[in-house]
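Here the structure comes first, spelled out in structure tokens, and everything after it is commentary.
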């Protein structure tokens, strides 16, 4: 999967002292500046990573003003000094001659790639002028704002509200929206997993060994290696998590729902579920009994390809291990139109096992506010949002998110549905859209049907993109603003609480090259230039931090030194006697929260759902989407769309979606994404390793290279995400690999409006 580099090439690229002078680079890049002399003292700075969305805690070693080494932050016990390949490559991105370090203004046709360099003052003045012109002529709703989640999204959100546009979009609709919505409808909020004490883990392709979160990955790895834990994986391909499992079952893509419904059928049929828990903490079990009467193991076998006796056995093994078990809902290779029902079914299956607030099961976050309330004293500081007073405009959104009666009724107004943007622009429905401001997002790679997305972009009057590289989307911009990398900027405090109150902070490791700006500097400056900054209560990041910390200088000082602070509070599971006793012994005031049985189960009596309980049946969902109030067979599990093969995609341990593929160190480790094809399929299609092929359907046609492997079902194909780039300024990765997004239709899964990432294709030889 990698190019044929020598060890000398590898060392040259990964070295921080690589010469930049003499390299022919495009306008506005670091390489165009020539050799840089940066001086300073040797030091260690603790911060957190942004090479992916896991945002693991890191420590950077700085010598003579240069970042020379990155490792995990020792103050984060879950991390230790560990870091993944992406995390270690931060300075490879930082010092890449191809990264952007100067603002650029388009001088040619849109997408042509002709630019002139500009100062930030010139670029920001132009942005302010153009955006205000659109606002005056068409209204603030005519400008869209989008970003990945993170602090830059928070600042973009505040800026969009100050601008008075309702059209703010995160990356949720093409990533975690299914479980975000399903959790809200079932538990009112999210839950965490206790992998370390679990006896049985049923995993549907949540591949923490490639979509790495170092702390969670370590816990799952330890569990997988333990004789006390059984790990069963259902996934179409033999992924790394499947390789670590006790059992791997190659489920047909898009059919997870059928397997989960069959488990529920067995439990309800045999009375093998936690009846006491269900009676006390849930509503709607009678609806589930009715909806799963016919979802037998034999029924699911015809859909999933997994033998009926496997479903029977797994159901019984889970019940035997309960409540120390986890049925994992996380990120996976397959996403179909049944995604909402599948995820809801998994969340409800956990409740049937009674594993909520139990060791080795699932638990609610224990943030400072909750712990302080239970202890009756302030045992951990709380933080606040300095921008919480900014209100989301009530104007109709282009995607009608949160509007009752719309297909996006349960999508938050601050998240949106990216797949609906092209239609809104092209059809001028519900109104004309004229501008788009994007930061750290690349919809021409990460969102379905980029051809239609690009067509829509051509209709806009003004596009602004802030990024580290000249991405495909940046090529379409009128103004490109270079972003200070995460190693070059200070940011606010992030709440990372899990079983204990925990905070982390991003501390600048090195000074920004060529004085590139951070997102908070860009948006705060623009707000001033546009005269829409009257509601801001801070002018710089230090003021923002102080307000977050409510003036708690002790907290700030510790975070600025350690980067990560966790409070020594006894781990608390509300329904585990030994944990409750330990907490009460340390904080006697907590006794008033004890139930008659000496536990704190009553903490589950007022959840953030309409009923205050775990909702097996959701009346609000049923009213908006008839038949979806309880998990059932929704006849939506076939993702082939009449084609012979199902194309799936997933995360790599080396790269992040569409973000890291041009980073020198990471590109050297993995520079291509050949198409996984089963030997039976290869024989049928007369293909061998290395053959060039086309994957084709009614949406598009995309090139690929054959990789024959037993680790994939005969009816399924697989590629890693983020390749098939089309930006000549991404010189290492341009034109290499397969972009599966070109084959994905702009359709959404019902209720949660998730992007469908499985699609039917046919194979032809190139």
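The numbers here are math on the coordinates, done by the rules we state, and not lab data. Quick caveat: nothing in here was measured; it's all calculated off a predicted structure. When we count neighbours, we look across all protein chains shown, and the Cβ atoms used for this are built from the backbone with ideal geometry, even at glycine.
Given Cα positions, please report Rg to Rh for region 548-682, the hydrodynamic radius being the Kirkwood one.
Ratio of gyration radius to Kirkwood radius for region 548-682: 1.15.
Given the DSSP H assignment, sum -39500 (n - 2.57) over each helix run of at least 4 residues in the chain and divide by its residue total; what's the result at 222 nm in deg cm²/dmol, nearest 500? Can you show the working numbers first?
Working: 25 runs with 225 residues, N = 766.
Counting only the DSSP helices, I get -8500 deg cm²/dmol.
How long are the semi-axes of the ellipsoid equivalent to region 634-766, from square roots of 5 times the Cα gyration tensor eigenvalues, in whole Å, largest first? The partial results should precede the final answer.
Working: eigenvalues 111, 78, 34 Å².
Three semi-axes, in Å: 24, 20, 13.
What percent of all Cα-Cα pairs in region 456-613 falls in each 5 Å bin, counting up from 0?
Cα pair-distance distribution for region 456-613, in percent: 1, 7, 11, 12, 12, 12, 11, 9, 9, 7, 5, 3, 1, 0.
Can you give the extra length, in nm with one decimal, that the chain gains between residue 192 and residue 226 once fully stretched, where that is 0.36 nm per residue apart less the Cα-Cα distance?
On the way: separation 34, 0.36 × 34 = 12.24 nm, distance 2.05 nm.
Here the segment from residue 192 to residue 226 would lengthen by 10.2 nm.
Between residue 622 and residue 27, what FRET efficiency comes out of the Förster formula 1/(1 + (r/R0)^6) with R0 = 51 Å and r the beta carbon distance, rounded to 0.05? Could you put the intermediate results ahead of the total?
Values: r = 56 Å, r/R0 = 1.10.
Using R0 = 51 Å, I get an efficiency of 0.35.
Just subtract the alpha-carbon distance of residue 74 and residue 240 from 0.36 nm times their residue separation and send over the number in nm, one decimal.
57.1 nm
Note the full-extension length gain between residue 495 and residue 567 as 0.36 nm times their separation in residues minus their Cα-Cα distance, in nm to one decimal.
Values: separation 72, 0.36 × 72 = 25.92 nm, distance 1.23 nm.
Result for the pair: 24.7 nm of gain on full extension.
Taking 8 Å as the Cα distance limit and 6 or more residues as the minimum spacing, I'd like the relative contact order of region 703-766 as a percentage. Don't skip to the end; give the middle numbers.
Values: 51 pairs, mean separation 14.8, N = 64.
RCO, region 703-766: 23 percent.
So how compact is region 427-499: Cα radius of gyration and Dmax in angstrom?
Just the Cα atoms of region 427-499 yield Rg and Dmax of 15.6, 49 Å.
Note down the relative contact order for the chain as a percent, whole number, built from C-alpha pairs under 8 angstrom at least six residues apart.
Across the chain, relative contact order equals 19 percent.
Could you work out how far apart the two model spin labels at residue 731 and residue 533 are, taking each label as a point 7 Å from the Cα in the direction of the beta carbon, and quote it in nm?
Simple spin-label model gives 3.8 nm for this pair.
Applying a 10 Å radius around every beta-carbon, put 495-508, 370-383, 590-603 in order of their mean neighbour count, most first.
Details: 495-508: 21.1, 370-383: 17.5, 590-603: 14.7.
Output ranking for 495-508, 370-383, 590-603: 495-508, 370-383, 590-603.
Which percent of Cα pairs goes in each bin when the distances of the chain are cut into 10 angstrom slices starting at zero?
3, 13, 23, 27, 21, 10, 2, 0
By per-residue mean of other Cβ atoms within 10 Å, what is the highest-first order of 343-349, 409-415? Intermediate results must be reported in sequence, preceding the final value.
On the way: 343-349: 27.1, 409-415: 20.9.
Descending packing order for the listed peptides: 343-349, 409-415.
Can you order the peptides 460-468, 252-260, 647-655, 303-311 by their average number of other Cβ atoms within 10 Å per residue, highest first? Mind showing how you got there, number by number?
Details: 460-468: 22.7, 252-260: 27.6, 647-655: 24.6, 303-311: 18.8.
The packing order, highest mean first, is 252-260, 647-655, 460-468, 303-311.
If r is the Cβ-Cβ distance from residue 552 to residue 406 and R0 is 51 Å, what FRET efficiency results, to the nearest 0.05?
Details: r = 43 Å, r/R0 = 0.83.
The calculated FRET efficiency here is 0.75.
Given a Förster radius of 25 Å and the C-beta distance between residue 597 and residue 370 as r, what FRET efficiency does 1/(1 + (r/R0)^6) yield to the nearest 0.05?
Efficiency for this residue pair is about 0.75.
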